[in-house]
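Asker: What follows is a single structure, and I will ask about it in a moment.
Just so it is clear, none of the values below were taken in a lab; they were calculated from the coordinates. All values reported here derive from a predicted model rather than from experimental measurement. As a convention, Cβ positions derive from the backbone with ideal geometry for all residues, glycine included, and neighbour counts pool all protein chains shown.
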Amino acid sequence: MRTARTSRVLISAAIGLVALVSAGVSNADGPMERGEKLFDLCTQCHGPEGEGMRLSLAPSIAGLGEWYVAAQLRVFQSGARGTHPDDLAGLRMHPMSRWLRSDADIDAVAAYVANLPVMEPERLVEGGDPKKGETLYTTCANCHGPDGSGNQTVNAPRLRSMSDWYLLSSLEKYKTGARGTNPQNPNSMLMRGMAYQLTDEQSMKDLVAYIMTLSDSN
């Protein structure tokens, strides 16, 4: 009951914000200008520079690959992600993504986000051992790359310069099934299987701690 009520509140808020943003968007705008205007709604949670805000459960997204941002917006729209009752951040993003009314809107926002300067978010997760995490990352490197820069060919996003709390939260959701159980999102299902190799919270913290060192080496 609480989850359903929360979802209704989020949808109502999204509708109100959509009306404000849509009023300022013109079909005559170029793709980047259109993306910037549409992104104004995203700033409510992700920040004006895409730096992310933990209190809003919104990770840093500045500089993420255009292909990845577009793909995630589409799975949020379809409900393949963001509908599990234990995924509060996803429940927020699902209705928010639906105010993008066309593929052109999605592509414009994705292009704008990809062109934002990469932000180095504040380190918030404590207690991880990067040396132990380096060993754990060996498997992750097969898809996300040894330097965490990602690989579009296998649909693996960039991990370096991501919010550490978000990385930890994502791993926890994969472990519990709040993410990675929808067959319409096979990449997410694959990640759930990978997350099972992390036996406990400490191993997840160790892995995240090592990923954060990849940002330092940039």
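Asker: Output the pairs from 173/205; 175/205; 132/173; 131/175 with a Cα-Cα distance over 18 Å in this structure; if there are none, say none.
Answerer: Pairs exceeding 18 Å: 132/173; 131/175.
Asker: A further question follows. Using the Karplus curve 6.51 cos²θ - 1.76 cosθ + 1.60 with θ = phi - 60°, what ³J(HN,Hα) values do you get for each residue of segment 31-40, in whole Hz, with x for Gly and Pro?
Answerer: x, 6, 5, 5, x, 5, 5, 5, 5, 4
Asker: Could you check the simple spin-label distance between residue 181 and residue 135, using points 7 Å along Cα→Cβ, in nm with one decimal?
Answerer: 3.2 nm
Asker: Determine ³J(HN,Hα), in whole Hz, for all residues of segment 127-137 in sequence, where each value follows from phi through the Karplus function 6.51 cos²θ - 1.76 cosθ + 1.60 and θ = phi - 60°; x replaces Gly and Pro.
Answerer: For segment 127-137, the Karplus-derived couplings read x, x, 10, x, 5, 5, x, 4, 5, 5, 6 Hz, x marking Gly and Pro.
Asker: Taking the chain as a Gaussian network, Cα atoms linked when under 10 Å apart, which of 154, 208, 75 shows the biggest mean-square fluctuation?
Answerer: Ranking 154, 208, 75 by mean-square fluctuation puts 154 first.
Asker: So if each residue of separation counts as 0.36 nm, and I subtract the Cα-Cα distance between residue 104 and residue 88, what length gain in nm does that give?
Answerer: Answer, rounded to one decimal: 3.0 nm.
Asker: For the chain, divide the Cα radius of gyration by the Kirkwood radius and give the resulting Rg/Rh value with two decimals.
Answerer: That ratio is 0.96, to two decimals.
Asker: Treating only the Cα positions of segment 130-216 as identical point scatterers, give the base-10 log of I(q)/I(0) from the Debye formula at each q in 0.11, 0.13, 0.24, 0.26 Å⁻¹.
Answerer: Results for segment 130-216 at q = 0.11, 0.13, 0.24, 0.26 Å⁻¹ read -0.26, -0.37, -1.32, -1.50.
Asker: Same structure again: Cα gyration tensor of segment 39-98, axes a ≥ b ≥ c as square roots of the eigenvalues: rounded (a/c below 1.5), prolate (a/b > b/c) or oblate?
Answerer: Cα axes put segment 39-98 in the oblate bin.
Asker: Sorting check: for 185-198, 81-94, which peptide has the highest mean count of neighbouring beta carbons within 10 Å, and how do the rest follow?
Answerer: By packing density, highest mean first, the sequence is 81-94, 185-198.
Asker: On to the next question. Skipping prolines and chain starts, which residues have an amide H placed within reach, meaning under 5 Å, of the one on residue 156, given they are 5 or more residues away or on another chain?
Answerer: For residue 156, the qualifying residues are 151.
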